[in-house]
Each structure stands twice: as C-alpha cells, then as structure tokens.
Amino acid sequence: MKENDSIGDPIFSDISFFAGMAETDWSWTPLVQDFDNDGFRDIIVTNGFPRDVTDHDFIAFRRQSSSVASKEYMLGEIPQVKLHNYAFHNTGNLAFENVTDKWGLTIPSFSNGAAYADLDNDGDLDMIVNNINDKALIYENTTNGKDKTSANYLQIKFNGDRNNLNGLGAIAEIYYNKNQKQVYENTPYRGYLSSIDPKAFFGLGNVTVIDSVIIKWPGNKKQVLKDVKANQLLAADIKNANHEYLDQRSDGKKCLVHGNYKLVRNKLSAPGNGFYRF
C-alpha cells in the first residue's frame with residue numbers, strides 16, 4: 001500500500017465459511033444484487049466446467065497411463081459433471097442463507113456468464129445464464145407480478161452528456177426510513193464476460209417513499225430529489241445536476257469521489273419471499 005493512502009489500509013478476511021457461502025465448486029459469475037427486493041444484496045453464483053483437468057481420479061489415471069494411452073484417449077477420460085448454480089439470500093450482518101432449491105436454481109449445467117434485468121417490467125430482476133455447449137437459461141423472478149407488487153423497488157436510468165451517454169461512473173445514493181441508505185455505482189460490467197441492464201435497481205421491501213435520492217455525476221456535479229415515490233423508473237439527467245460536490249478524505253482534504261458498494265445493515269420487514277421460475 002502507498003503511504004498516506006486516501007482510504008487508509010484496507011484489511012480483507014476470508015469470511016466465506018462464516019457468511020455461509022463456502023465451497024461452491026467451479027464457480028464463475030457472482031451476481032451481487034437484491035433479487036427479492038428486501039433491501040439486501042443477495043449473491044447468485046454460476047457453476048460448472050466441461051473438462052475438469054484437476055479431478056484427482058483423472059490425475060492418477062493420467063500418471064499411470066500416459067506412457068501407453070494416446071492423448072485423445074486420455075482427453076476422453078476427463079470427467080464431465082454438470083453442476084447446479086447457487087443462490088444465497090442475504091439475511092443481514094454478513095450472513096447468507098443457501099436458497100438454491102427454494103429459488104429454483106436446480107438445473108445441472110456448465111454455466112459461466114450471467115446477467116440480470118427486469119425483462120417483464122414487473123419490478124424485480126430476472127436472470128439470463130449462458131451455458132457451455134447448451135441452450136441459455138432464462139429465469140423469471142416471481143417476487144412481483146404484473147398485477148401485484150409484493151415488494152417495492154426503485155429503478156434509475158442515467159442520461160449523461162454527449163461524451164458519456166449512459167452516465168457511466170455516476171453514483172446513486174438513496175436515503176429512507178430515517179437511517180437507512182443504499183448506494184449504487186453505474187457500471188454495467190458484471191461476473192464473467194457479462195454486462196447488465198445499465199440502470200440502478202434498489203429493493204425497498206415495504207418502503208413506499210424515499211426521503212431523498214442523490215445522483216453524483218462524473219465531474220463533481222450532483223442533483224438531489226426529495227420524497228421520491230417507490231415502484232417507478234426514475235430518469236436522472238446530468239442536465240439537472242445543479243450542485244457541485246467534494247467528498248472529505250480521511251486526512252481531511254477534499255477529493256473527487258470514487259463509487260463503491262455498501263450493504264444496508266438494518267433488516268426490512270418485506271412481505272413474501274422471492275424465488276425464480278424457469
């Protein structure tokens with residue numbers, strides 16, 4: 001680390017066992033998003049690899065037969081085992097529950113890339129999963145329906161300037177229930193060779209009105225919206241960013257802002273449980 005780093009010395013710990021997400025096998029894409037609209041970001045992990053060259057049985061076979069077996073024969077003996085993907089529900093305080101079966105992600109596959117978007121415009125995030133040598137999977141999220149919203153949400157579309165039409169790098173902050181906050185950085189690149197719908201998505205549980213929405217644009221411009229109703233697609237335009245902003249560094253100096261993700265720690269009491277239907 002550099003001396004006098006503006007964010008200090010970050011310290012990381014492997015808490016996968018503590019959090020309940022360890023040992024997901026040959027994993028590729030981690031999708032980190034609120035899939036049941038309760039205000040906590042969940043995690044979905046894609047899984048699988050067609051030819052596991054690290055399989056211990058194959059390694060032992062290759063060691064014993066390499067002098068007599070052809071290369072084609074040995075390659076044909078590499079095991080192919082399809083695996084299901086994983087879903088982990090965020091229950092707060094860095095704890096996750098394995099809800100793979102409950103959310104319907106039980107189809108064995110060789111999955112790698114994945115993305116999410118509200119494909120049917122019902123206020124929850126559906127999912128698309130790419131599979132090796134197989135058809136892609138499309139999962140419909142049934143948290144909400146066309147005629148009924150069981151868990152509230154807010155989506156934000158970013159309209160930037162002519163040099164950055166999609167407003168990449170913009171940061172959306174929402175404040176609600178007096179002391180709760182969520183943050184989203186507008187960067188659509190996710191998982192393994194994948195991109196998502198370039199909109200911010202916030203799950204809100206039973207919250208119907210957001211106290212304030214702050215959009216911080218590249219170039220240190222921001223706009224503030226008050227008393228924003230839930231369950232809508234909000235269009236944020238850099239043309240309406242009429243305020244300048246500078247954030248404080250840990251050493252007291254003002255600096256440009258770099259986006260990050262934060263989890264809401266206070267659990268919302270959201271009705272219903274989100275799950276996926278294939």
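Between the helical axis of 56-65 and the dominant principal axis of the chain, each derived from Cα atoms, what acute angle in degrees is found, rounded to the nearest 10?
Around 40 degrees separate the two axes.
If you add up the charges near Tyr189, with Lys and Arg at +1 and Asp and Glu at -1, over every other residue whose beta carbon is less than 15 angstrom from its beta carbon, what do you get? Provide the component values of the computation, followed by the final result.
On the way: positive: Arg190, Lys199; negative: Glu185, Asp197.
Value of the local net charge: 0.
For a 29 Å ceiling on Cα separation, which of these pairs sit above it: Lys102/Lys222; Lys148/Lys216; Lys199/Lys229?
Beyond 29 Å between Cα atoms: Lys102/Lys222; Lys148/Lys216.
Just need the relative contact order of the chain here, percent rounded to a whole number, with Cα pairs under 8 Å and 6+ apart.
So the answer I get is 20 percent.
Please tell me the relative contact order of the range 153-214 in percent, rounded to the nearest whole number, where contacts are Cα pairs under 8 Å and at least six residues apart.
41
By accessible area of protein heavy atoms, probe 1.4 Å, what ranking do Phe202, Phe18 get, highest first? Intermediate results must be reported in sequence, preceding the final value.
Numbers: Phe202 0, Phe18 150 Å².
Highest to lowest solvent-accessible surface, that is Phe18, Phe202.
Give me the number: length gained by fully extending Ala69 to Asn242, i.e. 0.36 nm times residue separation minus the C-alpha to C-alpha distance, one decimal in nm.
55.1 nm
Given the C-alpha centroids of the range 187-206 and the range 87-138, what is the distance between them in whole angstrom?
A separation of 13 Å, based on Cα centres.
Compare Arg162, Arg51, Arg63 in a GNM of the chain, Cα atoms joined below 10 Å, and give the one with the largest fluctuation.
Arg63
At 1.4 Å probe size, with every protein chain present, just tell me what the per residue accessible area of the chain comes to in Å².
56
Using a Gaussian network for the chain with springs between C-alpha atoms less than 10 Å apart, which of these wobbles most: Ser212, Ser70, Ser194?
Per the Cα network of the chain with a 10 Å cutoff, Ser70 tops the list.
Below 15 angstrom from the Cβ of Asp57, what's the summed charge of the other residues (Lys, Arg +1; Asp, Glu -1)?
Numbers: positive: Arg51, Arg62, Arg63; negative: Asp52, Asp55, Glu77.
Overall, the nearby charge balance is 0.
Can you pull the percent of Cα pairs in the chain with separation above 34 Å?
Value for the chain: 30 percent of Cα pairs lie more than 34 Å apart.
I'd like the carbon and sulfur percentage of the solvent accessible area for the chain, probe radius 1.4 Å, heavy atoms only, ligands and nucleic acids excluded.
Carbon and sulfur together cover 51 percent of it.
Mind checking which of Pro30, Pro108, Pro198 has the largest fluctuation in a GNM of the chain, springs on alpha carbons under 10 Å?
Maximum among the listed residues: Pro108.
Given the Cα-Cα distance of Ile59 and Asn121 and 0.36 nm per residue of separation, how much length would full extension add, in nm?
17.4 nm
The values are calculated or read from the model by the stated rules, or taken from the named source; none is laboratory data. Quick caveat: nothing in here was measured; it's all calculated off a predicted structure. Cβ atoms come from the backbone with ideal geometry, glycine included; neighbour counts cover every protein chain shown. For accessibility, only protein heavy atoms count, side chains too; no ligands or nucleic acids. Shrake-Rupley method; radii C 1.70, N 1.55, O 1.52, S 1.80 Å.
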